[in-house]
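Visitor: Quick one: the structure is below, questions incoming.
Read-outs: derived from the displayed coordinates by stated rules, not from any lab. All values reported here derive from a predicted model rather than from experimental measurement. Cβ atoms come from the backbone with ideal geometry, glycine included; neighbour counts cover every protein chain shown.
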Amino acid sequence: MSRHSHSSRARSRSQPQGPSQRQLRAGELVRHALVEILREADIADPALEGVSVTVTEVRVSPDLRHATVFVEPLGGGHAAEVVEGLNRHARFLRGRLGHAIELKFTPDLKFVHDESFDEAARMDRLFADPRVKRDLSSSSGEGGRRPEGEARDPTDEPASPLGGAPPEGEHH
């Protein structure tokens with residue numbers, strides 16, 4: 001019997017899993033501390049001078065020794081320069097972080113630009129496209145009419161006379 005439980009345990013390890021509860025807690029702890037450090041620290045670097053940085057997420061490795069810090073400069077401008085500046089001062093920030101948090105190890109910090117804001121803006125532009133708006137409104141039942149010459153969608157079957165959907169396999 002132990003052989004079966006061992007093989008199922010090995011199988012579950014091979015499947016991709018998200019971060020553990022411990023990693024998530026440590027990431028949030030690091031994120032909150034870095035926000036305070038970046039707000040209070042006066043880092044002498046031209047790329048960081050007068051720039052407000054949002055720390056959007058911190059992903060910590062399973063051993064909690066490495067942290068990837070996702071940042072977005074306020075206004076989104078000069079993101080590459082700001083990330084380079086933060087990475088130049090990562091050791092200094094790690095030292096400050098070690099005094100601010102209570103973890104066995106202070107993780108090494110790697111700063112990267114958070115692309116999710118750019119992706120959200122791209123999706124907003126897509127949803128604003130008139131063709132996409134038309135497709136969304138016709139698929140949600142608004143309007144109810146198709147433009148001339150547009151093919152009928154075979155999945156748009158009329159309901160059965162009894163008010164429900166037609167039985168499976170039965171088409172009108």
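Visitor: Taking a virtual spin label 7 Å from the Cα of Ala41 along the C-beta vector, which residues in region 73-90 bring their backbone nitrogen under 14 Å of it?
Guide: Of the residues in region 73-90, 83-90 have backbone N under 14 Å from the label point off Ala41.
Visitor: According to the square roots a ≥ b ≥ c of the eigenvalues of the Cα gyration tensor, what is the shape class of region 19-114, taking rounded for a/c under 1.5, prolate for a/b larger than b/c otherwise, and oblate for the remainder?
Guide: prolate
Visitor: Net charge near Met123, counting Lys/Arg +1 and Asp/Glu -1 over other residues with Cβ under 13 Å of its Cβ?
Guide: -3
Visitor: What order do you get for 105-112, 91-98 when each peptide is scored by the mean count of other beta carbon atoms within 10 Å, highest first?
Guide: Top to bottom by mean Cβ count within 10 Å: 105-112, 91-98.
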